[in-house]
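Visitor: One structure, as structure tokens, below. Some questions next.
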Amino acid sequence: MKISCNVLKKHLKNSEKINFIDIWDKFTIRSAEVEEVIIKGNNFDNVVVAKIIECKKHPESNKLSILKVSDGKEDYQIVCGAPNVKVGFIGALVKVGGRIDNMVITKRKLAGIESWGMMCSAKELGIGDDHEGILQLPSDTPIGLPVKEVLPIEDIIVEIDNKSLTNRPDLWGHYGIAREIAAITGHELLPLEILEPDEVGNKLNIAIKNPELCYRYTSIKLDNIINNKSPLWMQIFLYYTGMKSINLIVDITNYVMLELGQPMHAFDSRVVHNIEVGLAKGGDKYLTLDGIERTLSNKDLMIKNKGQYFGIAGVMGGLDSEILEDTTSIILESASFEASSIRKTAISLGLRTEASSRFEKSLDPNLTMLAAKRYYKLLKDENPDLVLGSDLTDIYLKDFKEKEIVLKKSLLTKYFDFEMQDEDVKSILESLEFKVKVNKNDYKVTVPTFRANKDVTIPADIIEEIGRIYGYEYFVPKAIKMDLSFYKDEPSYDEAYNLKNYLATKYNLNEVHSYLWNKTSFLNDLNIKKDNIKLVGKSEDNILRDDLNLSMLEFAKTNIKTSENFGIFEIGTIIKDGDNHRMLSILLNCEKDKLKFTFNKAKEIAKNIFREIKNMDLIFEFGKSHEYYNQDLTLNLIVNNKIIGQIKPFTRSIANKISKKDSFVILEINFEEFINLKLEKPDYQEVSKYPTTELDYTIITKRGQYYNKLEEILEKFTSPIIIKRELLDIYLEETNKKVTIRYTVGSYEKTLTNDELQNFKEEFIKFLHQNELDIIEE
Amino acid sequence: MKEELKKLVESAAVDAKRIKNENDYLNIKSKYLGKKSKLSDLMKNLKDMTTEEKKEYGPIFNKIKKDLESLFTKYYDDVLNKEEKITFDPTIPIKEKKGSLHPITIIAKEVTDVLKNIGFMVLEGPEMESEYYNFTALNVAENHPARDMQDTYWLDNGLLLRTHTSPVQVRAMEKYGVPIKMCVPGRVYRNEDLDASHENTFFQVEGMVIDKNISISNVIYVMKGMLKEVFNQDIEVRLRPGFFPFVEPGFELDCSCTICGGKGCQTCKNTGWIELCPCGMIHPEVLNMSGINPEEYSGFAFGLGLTRLAMMKYKIKDIRVLNSGNLKFLEQFNVR
């Protein structure tokens, strides 16, 4: 929202003592964020009010005129291209030596005729967009004066961040901002100049059909509006604050809105006679002021009568009751509507206006009367012969009153950590127009209606008012007085960090962050169909993922051309069976002929994660997974007889979609179950004092036989002297697979004898033969 | 005899210099000191000598034996102690490890470590969340714009993707009661179109303290201290009024611009300040709804944008790179 300091000054006593450039830093930390401070009117020099006393056609040009222009002291010959020049016209003259933007005006010839300056357009002076003709000043403007003295061209325009005003309906106009400045600087806020219309004895016919959506409707009929042209000062103000000047009737509605925050609307009384506020009929079409036809819903509040719509309440008026140049009689609307209804209508129609954005902040219903009287005053100033067409008619169904809040002094001291003096509290709150009664233990605070609507409702709100005006910069930082009782921390964050750190440092993996939904185009490319909980209102990338590994594969695609043999991972959320789950997914990439190596790498990582972080033994078993994984190479990771994760390469056909040369192996671990595993303490066994012996045996199995089958058999061979069994080597022959196993044997009581070792060997070979296996004798 | 011994010692001294390896050493020892050596032969004469001669030659033989032994050991030691010839290039660069943590993970660790130092628990919470925890229990009114579809990812099962880490405030109050000091780093979601400074998926860290005498001065202390640690430099902070339904008073916390140090630059739009973090005193209604008596307890909460902090700290210009999975970007973040 743009604020003109010229207008602020009108509302503040002794405003010349306020530095309107520096005050905004303080305003930012006291009230609301100021985004920009712009100085206006410094783009030109030496421009004076001048009168055209002669006007001739240029002999060489159709467009140009030769003017004689007087500044009251001297006459100047000016060659001018504007179409609206005529004798008696009073305008703005920039003399030789003067400046417009970066252009210094010199004496020069135009089509052979000397010109001693230039008559300026509104655009050249930076006070409007009009560049068609030169700026016309009122006929009573004293000539010779600098134009900056007769028009409020010099101004400071302040842009305030709208977002920081969402909860301050009172700050959506200059008067509210002036009130804040008064509180910040200790200046006095001047009362607003209004005019009470006399009673003429006829009330307007106003019916509110939906009192829950329209709290108040204040209206008056004004006739005999002869002058419908806005004064220049108002046009400049509207231009500076980002509004377009239309005509006087409309401009004053906007002026009052910018001043008080109360949106207003004027209907041409040739079209509108009676007012009814009620909901639209769903599906009806309606042509708004901007010339666009809109389809209404039965939730849209309308201004209407007898089946005819006159405006969308609080949003925009209709085209057929628009104020035209020849309008002389109006019905003025100054109303208060329910905030969220206006917001919903504005959003559903895609029509957010200055009015709707104010109404949706919950305006004070008591503003409507003030605004109407202010409007009447401003219109009467420009139209002394204005005639009242009706009484000021006010339908106010639910009286909105000031609010009383009791603030305990102890609460204030607790929040501030220091004691405020009663008189400071009182003066701060009173500067904001709160009323304060100081009691022994509390303050009884009366909140004015313009703050009580939504913003200030509880004691903590009063604390905020005191704190911000007192100044948070005067608060001394203080350490929390700690409570040092033991507390139970949750392990999941630390577990996640430690695991990530382990993977990055030990296995050189790179952590990635992905989205919670699958990319639709990616799944389509892979021919993978997914159904899961969806984002509402989106048709693409809207299915929440149930498999984090696919997100990793998406990133594999991102990197396949620029990196090789990479390994990426994420601990992320998936949504499965209607609930959140956290998974660790690791993707290892390799050339496809290195699959064996990479697959084993995944196993090594898995095994070591559990061994080094949880001190637990991990067992691999064949498992099953989605069809897009290689089913023959899907291993379950089993801890404590429970599946906690899987290792699985993507199928060849899926991998081919990413790269025909590469394989992608997934290691996934259910992270929630991982956290729940308690760290096992090391299973320490005393070391035997007696030497151990290593016995290596090479067993012959069939080539196609997996090692785990042999292991299942070897599990069954028991002997008290076995300390450890390990796989040393596998050697493939044409039809056979030779597996070398090493037994470490020993005893805690003595050194084993050769007989005992020989006996062990015989027992072992016998066992193998029973299981139809053979051994290579050395 | 003496002459022979003298020659023997001289020849041994010459041979000793030729010791190049263990073999030479053993050979020379056997040649001069072994059973079949010249010295051995000469010593055999001892038994035929007179007592006088024995007295004279006995010590001589012993001395020669000892001298030769130490001579050979000395030369062999020299061989053993000699540095090996360098057969490799010690200047070859090593293959660098390229494992990395995501920058958000690194910054989250820094922030949570600082908060842990003053006794904060580190909690986590679900990303798919209920309307109750995300809005209602945080005093966000039924018709508040934040609940709109324009801002929130609603799901077709009636739940939503959490728009902030604040729902964990409520979960923590329910689970642990008061007093409590906790923080919650985590992923949050907003229905935004992506551009260089907007993401629909980003990270925050929530902080919350509730106890009997928590004040605004405590907020300033904690925020200032935390930022100082994270940025490793003194940071000025200022509070501005800000409106968030779950705090009252609510603040926007600005920190002095880390780029220009507060003098004014492009990053801080010439203000010297950067908007960093909404915070405030927990709204009494929020405490009430979680069964905590606001007459007795007060607290503060903040929601620091981790993504924003990471971008500031590492000078990342385009937010989209964070969720891009691009290794050329990610590899640059070493593990702390």
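Visitor: Working only within region A:368-405, note down all residues that are of a type in the set (A, V, I, L, M, F, W, C) and surrounded by 14 or more Cβ atoms within 10 Å (Cβ to Cβ).
Guide: Filtering region A:368-405 for residues of a type in the set (A, V, I, L, M, F, W, C) gives A:369-372, A:378-379, A:386-388, A:392, A:395, A:397, A:400, A:405.
Passing the criteria: A:Met369, A:Leu370, A:Ala371, A:Ala372, A:Leu378, A:Leu379, A:Leu386, A:Leu388, A:Leu392, A:Ile395, A:Phe400, A:Ile405.
Visitor: Would you check which residues across region B:303-336 are under 22 Å from B:Asn218 (Cα atoms) and away from every other protein chain (no Cβ under 13 Å) and list them? Spell out the reasoning first.
Guide: First, pick out the residues of region B:303-336 that are under 22 Å from B:Asn218 (Cα atoms): B:303-306, B:309.
Correct list: B:Gly303, B:Leu304, B:Gly305, B:Leu309.
Visitor: Identify all residues within region A:151-174 that are over 30 Å from A:Ala452 (Cα atoms), out of contact with any Cys (no Cβ under 7 Å at 6 or more places or on another chain) and buried (at least 19 other Cβ atoms within 10 Å of the Cβ); write none if there are none. It would help to see each step written out before you state the result.
Guide: Pass one, region A:151-174, residues over 30 Å from A:Ala452 (Cα atoms): A:151-156.
Then keep just the ones that are out of contact with any Cys (no Cβ under 7 Å at 6 or more places or on another chain); that gives A:151-154.
Within region A:151-174, A:Leu151, A:Pro152, A:Ile153 qualify.
Visitor: Exactly one condition in (1) assigned to a helix (DSSP H, G or I); (2) more than 7 Å from chain B (Cβ to nearest Cβ); (3) of a type outside the set (A, V, I, L, M); (4) surrounded by 16 or more Cβ atoms within 10 Å (Cβ to Cβ) is not met by A:Gly467; state its number.
Guide: Tallying (1) assigned to a helix (DSSP H, G or I); (2) more than 7 Å from chain B (Cβ to nearest Cβ); (3) of a type outside the set (A, V, I, L, M); (4) surrounded by 16 or more Cβ atoms within 10 Å (Cβ to Cβ), A:Gly467 fails exactly one: (2).
Visitor: Within region A:470-506, restricting attention to residues that are more than 9 Å from chain B (Cβ to nearest Cβ) and in a helix (DSSP H, G or I), which residue is nearest to A:Ala371 (Cα to Cα)?
Guide: Filtering region A:470-506 down to residues more than 9 Å from chain B (Cβ to nearest Cβ) leaves A:470-471, A:474, A:486, A:491, A:495, A:498-499, A:502.
So of that shortlist, the ones also in a helix (DSSP H, G or I) come out as A:470, A:474, A:495, A:498-499, A:502.
Working: A:Tyr470: 31, A:Tyr474: 38, A:Glu495: 62, A:Asn498: 64, A:Leu499: 65, A:Tyr502: 68 Å.
Among them, the one singled out is A:Tyr470.
Visitor: Would you please list the contacts, defined by Cβ atoms under 9 Å and residues six or more apart or on different chains, that run from a residue in region A:547-570 that is closer than 18 Å to A:Leu526 by Cα to a residue that is in a helix (DSSP H, G or I) and of a type in the set (Phe, Trp, Tyr)?
Guide: Between residues of region A:547-570 that are closer than 18 Å to A:Leu526 by Cα and residues that are in a helix (DSSP H, G or I) and of a type in the set (Phe, Trp, Tyr), the close pairs are A:Leu550/A:Phe522; A:Leu553/A:Phe522; A:Glu554/A:Phe522; A:Lys557/A:Phe522.
Visitor: Could you check how many residues of region A:583-634 are touching a strand residue (DSSP E or B) at 6+ places or on another chain (Cβ under 9 Å), in a helix (DSSP H, G or I) and among the basic types (Lys, Arg)?
Guide: If we filter region A:583-634 for residues that are touching a strand residue (DSSP E or B) at 6+ places or on another chain (Cβ under 9 Å), which is where we start, we get A:583-595, A:597-599, A:601-603, A:605-607, A:609-610, A:614, A:616-626, A:628-634.
Those still in the list that are in a helix (DSSP H, G or I) too: A:592-595, A:597-599, A:601-603, A:605-607, A:609-610, A:631-633.
Imposing the further condition that a residue be among the basic types (Lys, Arg) reduces the set to A:592, A:594, A:601, A:603, A:607.
Residues flagged as touching a strand residue (DSSP E or B) at 6+ places or on another chain (Cβ under 9 Å), in a helix (DSSP H, G or I) and among the basic types (Lys, Arg) within region A:583-634 amount to 5.
Visitor: Another question, then. Can you pull out every residue in region A:1-27 that is assigned to a helix (DSSP H, G or I), in contact with a His (Cβ under 8 Å, 6 or more places away or on another chain) and surrounded by 12 or more Cβ atoms within 10 Å (Cβ to Cβ)? Walk me through how you get there before you give the answer.
Guide: If we filter region A:1-27 for residues that are assigned to a helix (DSSP H, G or I), which is where we start, we get A:5-10, A:15-17, A:23-27.
Filter once more, keeping what is in contact with a His (Cβ under 8 Å, 6 or more places away or on another chain): A:7-8, A:15, A:17.
Result: A:Val7, A:Leu8, A:Ser15.
Visitor: Can you find, within region A:550-598, the residue that is nearest to the other protein chains (Cβ to nearest Cβ) among those that are aromatic (Phe, Trp, Tyr) and buried (at least 22 other Cβ atoms within 10 Å of the Cβ)?
Guide: Going residue by residue through region A:550-598, those that are aromatic (Phe, Trp, Tyr) are A:555, A:566, A:569, A:597.
Narrowing further to those that are buried (at least 22 other Cβ atoms within 10 Å of the Cβ): A:555, A:569.
Working: A:Phe555: 3, A:Phe569: 10 Å.
Here the residue is A:Phe555.
Visitor: Of the residues that make up region B:44-64, is at least one in a loop (DSSP other than H, G, I, E, B) and not hydroxyl-bearing (Ser, Thr, Tyr)? Break it down stepwise before answering.
Guide: Taking region B:44-64 first, the residues in a loop (DSSP other than H, G, I, E, B) are B:49-50.
From what's left, not hydroxyl-bearing (Ser, Thr, Tyr): B:49.
The answer is yes, given that some residue of region B:44-64 is in a loop (DSSP other than H, G, I, E, B) and not hydroxyl-bearing (Ser, Thr, Tyr).
Visitor: For region A:380-420, how many residues meet the condition of being among the polar types (S, T, N, Q) and touching an Asp or Glu at 6+ places or on another chain (Cβ under 8 Å)? Explain how you work it out, then say what you get.
Guide: We begin by selecting, within region A:380-420, every residue among the polar types (S, T, N, Q); these are A:383, A:390, A:393, A:410, A:413.
Those left that are additionally touching an Asp or Glu at 6+ places or on another chain (Cβ under 8 Å): A:413.
Result for region A:380-420: 1.
Visitor: Mind listing whichever residues of region B:224-266 are in a loop (DSSP other than H, G, I, E, B), touching a residue at least 60 places away in the same chain (Cβ under 8 Å) and out of contact with any Leu (no Cβ under 7 Å at 6 or more places or on another chain)? Spell out how you get there, then give the answer.
Guide: Pass one, region B:224-266, residues in a loop (DSSP other than H, G, I, E, B): B:232-236, B:242-246, B:257-266.
Filter once more, so that each one left must be touching a residue at least 60 places away in the same chain (Cβ under 8 Å): B:245-246.
Matches in region B:224-266: none.
Visitor: Could you list, ordered by first residue, the pairs with Cβ atoms under 8 Å in which the first is in region A:608-621 and surrounded by 14 or more Cβ atoms within 10 Å (Cβ to Cβ) and the second is basic (Lys, Arg) and not in a loop (DSSP other than H, G, I, E, B), at least 6 apart or interchain?
Guide: Note: pairs meeting the criteria are A:Asn608/A:Lys506; A:Leu618/A:Lys607; A:Leu618/A:Arg611; A:Phe620/A:Lys603.
Visitor: If you go through region A:640-648 one residue at a time, do you hit one that is more than 39 Å from the chain's Cα centre (by Cα), charged (D, E, K, R) and in the same structural domain as A:Ile543 (by TED's automatic domain parsing)? I'd like the intermediate steps shown before the answer.
Guide: Here is the first cut: in region A:640-648, the ones more than 39 Å from the chain's Cα centre (by Cα) are A:640-644, A:646-648.
The next check asks that each one be charged (D, E, K, R); those that pass are A:642, A:648.
Now restrict to residues that are in the same structural domain as A:Ile543 (by TED's automatic domain parsing): A:642, A:648.
Within region A:640-648, one or more residues are more than 39 Å from the chain's Cα centre (by Cα), charged (D, E, K, R) and in the same structural domain as A:Ile543 (by TED's automatic domain parsing).
Visitor: Taking the stated definitions as given, is A:Leu727 within 30 Å of A:Gly623 (Cβ to Cβ) and aliphatic (A, V, I, L, M)? So that I can check it myself, show each step before the final result.
Guide: Details: within 30 Å of A:Gly623 (Cβ to Cβ): yes; aliphatic (A, V, I, L, M): yes.
Taking the combined requirement at face value, the residue satisfies it.
Visitor: May I ask you to say which residue of A:Lys426, A:Lys444, A:Lys440, A:Lys408 is more than 10 Å from chain B (Cβ to nearest Cβ), in contact (Cβ under 8 Å) with a residue 40 or more places away in the chain, farther than 23 Å from B:Glu252 by Cβ and basic (Lys, Arg)? Show your work before the answer.
Guide: Numbers: A:Lys426 fails: in contact (Cβ under 8 Å) with a residue 40 or more places away in the chain; A:Lys440 fails: in contact (Cβ under 8 Å) with a residue 40 or more places away in the chain; A:Lys408 fails: more than 10 Å from chain B (Cβ to nearest Cβ).
Residue meeting the stated conditions: A:Lys444.
Visitor: Need at least 1 residues that are at pLDDT below 95 per element, so show me which strands (runs of 3 or more DSSP E) inside region A:289-359 make the cut, counting only ones lying wholly within it.
Guide: Values: elements: A:293-295, A:301-305, A:308-312, A:330-337.
Where strands (runs of 3 or more DSSP E) fall fully within region A:289-359 and carry at least 1 residues being at pLDDT below 95, they are A:293-295, A:301-305, A:308-312.
Visitor: Within region A:508-525, which residues are more than 7 Å from chain B (Cβ to nearest Cβ) and surrounded by fewer than 20 Cβ atoms within 10 Å (Cβ to Cβ)? Working first, answer last.
Guide: Here is the first cut: in region A:508-525, the ones more than 7 Å from chain B (Cβ to nearest Cβ) are A:517-525.
Within region A:508-525, A:Lys519, A:Thr520, A:Ser521, A:Phe522, A:Leu523, A:Asn524, A:Asp525 meet the criteria.
The values are calculated or read from the model by the stated rules, or taken from the named source; none is laboratory data. All values reported here derive from a predicted model rather than from experimental measurement. Neighbour counts run over all protein chains shown; Cβ positions are idealised from the backbone, glycine included.
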